[in-house]
Amino acid sequence: MTTREEKTKKQIIYFLRKKFSMEVSKGVRFDLSKYLIIDKGEFLKNIYTWKLTEFDLETYFLSIRNSYKIEIGGTAGESMITTDKESQHNALLIKTDFQIPQLIIRPAYLREKIANIFLNFDIKLNNRKEFNKKYILESSTDNKELEKLLTKNLTDELIRHNGFSLEFKDNSILLKFEKEFNEKDSVNLFGIGKIIESEIKNVVQHGV
């Protein structure tokens, strides 16, 4: 990561801290290796953590750094070239006391659609045509329960965004964009987080 890129990212963090109510969580770090929506790099670390005070549920804004090796195809007669790649993302982690099922929602890229033809892992929700087209949903939970939990308000919000992933695991919800973080996606992340919090609370607490 260049010095200029690092400066830009720091400026975005500064902007977010001014726009949203949050406080530094010193010494609070989360093990992100258990979440499947995050690539397992050689260096995967939650480097900074802020607690969001405007959320009702215990919610954290995370800065994540990851590095891993990728192979670049060589020309004819040459072997693959391995190089290091580093990425940095923002994410929200919402912790709950609710018993929520494990599930993953991620972009329906072409490779995912092809894999699903053979493995049939994508779950389709009734009357959610655009969501089904844009996202892959994986879970061992019954369709009716998923349709109750993933309200139309929630899935309609996800349709508005590109390259977005979320995972429900161990009564927590992790959400992030696939791209390295930028100002627009980071602001959207907070908005999506508030909608998810509101919809999940309504479903779990009031059954609506």
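In this simple spin-label approximation, Glu183 and Glu58 carry label points 7 Å from Cα along the Cα→Cβ vector, and these lie 3.4 nm apart. Length gained on full extension, Ile159 to Leu119: 12.0 nm, using 0.36 nm per residue less the C-alpha separation. Across segment 185-199, rounded Karplus estimates of 3J(HN,Hα) from the backbone phi angles (6.51 cos²θ - 1.76 cosθ + 1.60, θ = phi - 60°) give 5, 5, 5, 4, 4, 5, x, 5, x, 5, 5, 4, 4, 5, 5 Hz, Gly and Pro being marked x. With R₀ fixed at 41 Å, the C-beta to C-beta distance from Lys133 to Phe20 puts the FRET efficiency at about 0.85. Taking every DSSP helix (H) stretch of at least 4 residues in the chain, weighting each as -39,500 (n - 2.57) and dividing the sum by the residue count yields a mean residue ellipticity at 222 nm of -10000 deg cm²/dmol. Proximity of backbone amide H atoms, modeled 1.01 Å from N, is registered between Asn171 and Ile100 at under 5 Å, excluding neighbours fewer than 5 places apart on the same chain.
Its alpha carbons give the chain an Rg and a Dmax of 18.2, 64 Å.
Note on the chain: with a GNM built from Cα contacts shorter than 10 Å, the maximum mean-square fluctuation among Arg111, Arg160, Arg65 falls on Arg111. In this calculation the C-beta distance from Tyr109 to Leu146 is compared with R0 = 22 Å, giving a FRET efficiency of 0.55.
Rule-based calculations on the coordinates, nothing more; no lab input. Note that the structure is predicted; figures quoted are calculated from it, not measured. When we count neighbours, we look across all protein chains shown, and the Cβ atoms used for this are built from the backbone with ideal geometry, even at glycine.
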